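> This is the structure I have questions about; it appears just below.
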Amino acid sequence: MSAIVAKLNHFRMSPRKVRLVADLVRGKDVDDAEAQLEHMRKHAALAIKKLLRSAIANAEHNFQKTRSALFIQTLTVDGGPTLKRFRARAFGRAADIHKRTSHITLVLGERSEALRKKRFVLPEAKKSKEATTLEDLSQEKKKPETGFSPKELRKEPRGGIQKKVADMGRKFFRRKSV
């Protein structure tokens, strides 16, 4: 099977800015990614959304894939050629201006039927905490070696009184001298 690829070359934006958007949608289903890009306020989101729609169209037309099975397998943003300009500065000097461009490559993958079903399965309900047998009741009432029940241990802060004393000493010596 050939890869479902869409490319955007020479996009006039810094790769660093485009990667912020690309990192958010990489690995998502195409519907989820498109919805997220629709509501994003970054300029790069528009370009990536158009590229995603192009890749989806490629998949549907050229490979007869269903949209619901597709996800963003890889989304890479590489640097393109840099346009070099200069700005006049004081004392006859010039400062460089680098207008960076990006090459964006989007590859779609297809999730198998088993993985798609597995994604939407809700976790099993937790078992009820009620003890059903006499053995369960007796185990609940047992106290650990410390002599305190688990509830009493949870009420006591971490480290107990020794921690309070140590914290007080730290607070005292952390103060600035007057």
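The values are calculated or read from the model by the stated rules, or taken from the named source; none is laboratory data. Computed from a predicted structure; not experimentally measured. Every residue, glycine among them, receives a Cβ derived from its backbone with ideal geometry; neighbour counts consider all protein chains shown. Note: accessible area is taken over every heavy atom of the protein model, side chains too, but ligands, DNA and RNA are not part of it. Shrake-Rupley method; radii C 1.70, N 1.55, O 1.52, S 1.80 Å.
> Quick one: if the Förster radius is 41 Å, what FRET efficiency do LYS17 and SER112 give, using the C-beta to C-beta distance and rounding to 0.05?
With R0 = 41 Å, the Cβ-Cβ based efficiency is 0.75.
> Taking the Cα-to-Cβ direction at ARG93 and at LYS50 and moving 7 Å from each Cα, how far apart do the two end points lie in nm?
3.9 nm
> Keeping all protein chains in place and using 1.4 angstrom, which order do ASP29, ASP23 fall into by accessible surface area, from largest down?
I get ASP23, ASP29, largest accessible area first.
> On to the next question. With a probe of 1.4 Å, find how much accessible area the range 12-124 has per residue, and write the answer as a whole number in Å².
67 Å²
> May I ask for the distance between the Cα centers of the range 78-107 and the range 1-46, given as a whole number of Å?
Taking the Cα centre of each part, the range 78-107 and the range 1-46 sit 22 Å apart.
> Using +1 at the Cβ of each Lys and Arg and -1 at the Cβ of each Asp and Glu in the range 30-77, identify which of HIS61, ILE48, PHE71 lies farthest towards the dipole's positive end.
Result: ILE48.
> Please go through the residue pairs LYS49/LYS99; LYS65/LYS99; LYS42/LYS65; LYS28/LYS65 and name each one whose alpha carbons sit more than 28 Å apart in this structure.
Violating the 28 Å limit, Cα to Cα: LYS65/LYS99; LYS42/LYS65.
> Once you place label points 7 Å from the Cα toward the Cβ at ALA57 and PHE86, how far apart are they in nm?
Between ALA57 and PHE86, the simple spin-label model gives 4.3 nm.
> Beta carbons within 10 angstrom, averaged per residue: use that to sort the peptides 42-51, 91-100, highest first.
42-51, 91-100
> Based on Cβ point charges of +1 for Lys and Arg and -1 for Asp and Glu, what charge dipole magnitude is obtained for the range 1-114 about its Cα centre, in debye rounded to the nearest 20?
1100 debye
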